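Undergrad: This is the structure I have questions about; it appears just below.
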Amino acid sequence: MAATGFVRPLAVLGMLGLGTGGCDSRGERGGGAIAEIASSKPSLMGQPDAAPAVQPAGSSAPVKPAAPRPSNPADLLLTPQRRAALEREFPEAVGFRDISELETELYELELIRGKESSAVSAFDQRAREKWVLFTGNVVEPTEGSLKMPVRYTPRDATDPLGMTSSWFAVELTDIEGYDAAEYKQGDMAAMLVRYKGSKRASPGYDVILLRRWFIGERKRPIE
C-alpha cells in the first residue's frame, strides 16, 4: 500500500491490522508497519494540529492547556537542544542512548528476520542498565504501562511502509507523567526510561506530557 497523500497514523495501523507483539513482518500481517511508523525517522505521516483547549461555559476556573504533542515523525527527532534540555532536567539520565542510534547498530549486525531472541540479546548488550530515549508510536497503552517497538532489521529500499522490518516490543512501567487516557494505540510518544534488560524498562519519564520536549518551540497541542 503506497502512501499517496496525507494519511493519519491510526488509520494506517487499523488498515494493517497490527498485532501487539514483536514480529517478522515478512511472515505476519502488518506488524512491521508499526515499527516504521514508530521509528523517529521522518517518513510517513502525522496528526493534524488541533485547536487549544477551550474553557467550558459557566466555569470560573481556568482550563490548563493540553501539552504540545508531536504532529509528524520529524517532531520526534532528538536534536542537540532537546538532548541538552533533557539532561539538564533529568541529570540521572546524562549520556542516555537514542533508540534511533541503537536500531542502526542492530541493523549493522545483519540479524536474521524473525530471530527475536538474538535481537533482544544484542540490544541488551548495548542498552542494559542504561537510560534510553524511546521515540515512536506507542503499543498497548494501559494503566501503568505501555510498550514501544525496537526495530532490528531495516526495511527494504522499495518498502515505503516498513513492512519488511522486524521488531520487538519493550514494556515500559513506572513512567512519571504518563497517563494511559492520553494515548491511543499508535499515538506518537517520547519516553526517557532506564532499560533493565529482557524487554523491560523502568523507571522513566514521559517527556512530552511532562512538557520537557518542545521547550522553546512553538507547537500547538493536539487533543
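Undergrad: Using the Karplus curve 6.51 cos²θ - 1.76 cosθ + 1.60 with θ = phi - 60°, what ³J(HN,Hα) values do you get for each residue of the stretch 163-171, in whole Hz, with x for Gly and Pro?
TA: 6, 8, 7, 10, 8, 10, 9, 9, 8
Undergrad: Could you derive backbone 3J(HN,Hα) for the stretch 204-211 from the dihedral phi with the Karplus parameters 6.51, -1.76 and 1.60 (θ = phi - 60°), listing whole Hz in sequence and x where the residue is Gly or Pro?
TA: x, 9, 8, 6, 7, 5, 7, 6
Undergrad: Hey, another quick one. Please list, ordered by chain and number, the residues whose modelled amide H lies under 5 Å from the amide H of W167; skip anything fewer than 5 residues away on the same chain.
TA: The answer is C23, S25, Y152.
Undergrad: Amide H neighbours of A66 under 5 Å, counting only residues 5+ apart in sequence or on other chains, H built in-plane at 1.01 Å?
TA: A53
Undergrad: Further, regarding this structure: Antiparallel versus total DSSP beta bridges in the stretch 70-214: what percent is that, nearest 5?
TA: Working: 23 of 29 bridges.
Percentage antiparallel, nearest 5: 80.
Laboratory data are not the source of any read-out in this text; all were calculated from the coordinates shown. Keep in mind it's a predicted model, so treat the numbers as computed, not measured.
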